[in-house]
Amino acid sequence: MSTYLLVHGAWHSGECWERIVPKLTAAGHRVFAPSLTGHGEKAHLLGPEVGLDTHVDDVLGLITDEDLTDVVLVGHSYAGLVVSSVANQVPDRVGHLVYLDAMVPEHGESAADVQPVSQVLIDRALADGSGWRVPPLPELPPPHGLFGVTEPADVAWLRTMLTDESVRCLQQPVRLDNPAVHTIPRTHIHCVADVPEGIVRRPVPATEQVWRLPTGHDCMITMPAELAELLLELG
């Protein structure tokens, strides 16, 4: 039995993994898919003080409370920053890092460093009435859709779980100063269909595994069976 910890990206909630969790548990594995502070059942906790460090603490708290070890730690999108910092703090508890169409940072980088388009969102948030709220990205014309989701029923479902993000999440830097973090095996899963203009994907070192899914960004919604199959190969 393996333990999977699935960490959602910005604006989403743990509900986005609803189609993945049963497939992993049916194979006999233990699965956690929490909502980070400010999202899902914790949406009421969103405030300007919520940042990347808050979300790192969310995941660290779960790992500690449940005494999880040898975790397959999956970070989607923005959560690539979260899982990186988590692994930096508890490398002995992480068996595999999975970057799911995710930001892959270096030490000291923020989301704006890894994905420069994030700076546009930061600037807008600082200039608007709240000074800290970053609303979800808008639905784009086909074929991009809403985070790569295009089926009307799926788009409607996705909208129910999207909430604002705090600008601090995009500003705080990642900590990757523990040499042990670089010994953890890494796998990258890239969603390669209809990547929106302005999205940057960094080269992956030859020593790290790369898989590709022919779908949009929210592959846990659009290709759950295929994604689950890939994740099961790591368990």
Q: Hey, can you tell me all the residues within segment 61-95 that are under 15 Å from the mean Cα position of the chain (by Cα) and either open to solvent by 20 Å² or more (accessible area, probe 1.4 Å) or within 17 Å of His217 (Cα to Cα) (or both)?
A: Val74, Gly75, His76, Ser77, Tyr78, Ala79, Gly80, Leu81
Q) Within segment 138-168, how many residues turn out to be without any contact (Cβ under 8 Å) to a residue 24 or more places away in the chain and among the charged types (D, E, K, R)? A) 2
Q. Within segment 58-83, can you find the residues that are closer than 23 Å to Leu45 by Cβ, of a type in the set (Ser, Thr, Tyr) and either touching a Pro at 6+ places or on another chain (Cβ under 6 Å) or assigned to a loop (DSSP other than H, G, I, E, B) (or both)?
A. Ser77, Tyr78
Q: Give the residue that is most open to solvent (accessible area, probe 1.4 Å), with candidates limited to residues of segment 96-110 that are of a type in the set (Asp, Glu) and at negative phi.
A: Glu106
Q: Output the residues belonging to segment 10-46 that are assigned to a loop (DSSP other than H, G, I, E, B), out of contact with any helix residue (DSSP H, G or I) (no Cβ under 9 Å at 6 or more places or on another chain) and either in contact (Cβ under 8 Å) with a residue 40 or more places away in the chain or within 20 Å of Ala111 (Cβ to Cβ) (or both).
A: Leu46
Q. Does at least one position in segment 122-139 carry a residue that is out of contact with any Phe, Trp or Tyr (no Cβ under 8 Å at 6 or more places or on another chain), in a helix (DSSP H, G or I), over 16 Å from Asp101 (Cβ atoms) and at pLDDT 95 or above?
A. no
Q) So how many residues does segment 28-60 have that are touching a strand residue (DSSP E or B) at 6+ places or on another chain (Cβ under 9 Å), open to solvent by 40 Å² or more (accessible area, probe 1.4 Å) and within 13 Å of Asp164 (Cα to Cα)? A) 1
Q. Of the residues in segment 164-196, how many are β-branched (Val, Ile, Thr), open to solvent by less than 40 Å² (accessible area, probe 1.4 Å) and part of a loop (DSSP other than H, G, I, E, B)?
A. 2
Q) Which residues, taken from segment 148-200, are among the polar types (S, T, N, Q), out of contact with any Gly (no Cβ under 6 Å at 6 or more places or on another chain) and within 22 Å of Trp11 (Cβ to Cβ)? A) Thr150, Thr160, Thr163, Ser166, Gln171
Q | Complete set of residues in segment 140-163 that are assigned to a loop (DSSP other than H, G, I, E, B), at negative phi and not hydrophobic (A, V, I, L, M, F, W, C) | A | Pro141, Pro142, Pro143, His144, Thr150, Glu151, Thr163
**Q.** Residue that is farthest from the chain's Cα centre (by Cα), among those in segment 123-140 that are open to solvent by 70 Å² or more (accessible area, probe 1.4 Å) and not hydrophobic (A, V, I, L, M, F, W, C)
**A.** Gly129
Q: Tally the residues that are outside any loop (DSSP other than H, G, I, E, B) and either hydroxyl-bearing (Ser, Thr, Tyr) or open to solvent by 80 Å² or more (accessible area, probe 1.4 Å) (or both), restricting the search to segment 200-225.
A: 2
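The values are calculated or read from the model by the stated rules, or taken from the named source; none is laboratory data. Just so we're clear, the structure is a prediction, and the values are computed from it rather than from any experiment. Every residue, glycine as well, gets a Cβ built from its backbone with ideal geometry; the counts of neighbours run over all protein chains shown. Side chains are part of the model used for accessible areas, which takes the heavy atoms of the whole protein and leaves out ligands, DNA and RNA. Shrake-Rupley method; radii C 1.70, N 1.55, O 1.52, S 1.80 Å.
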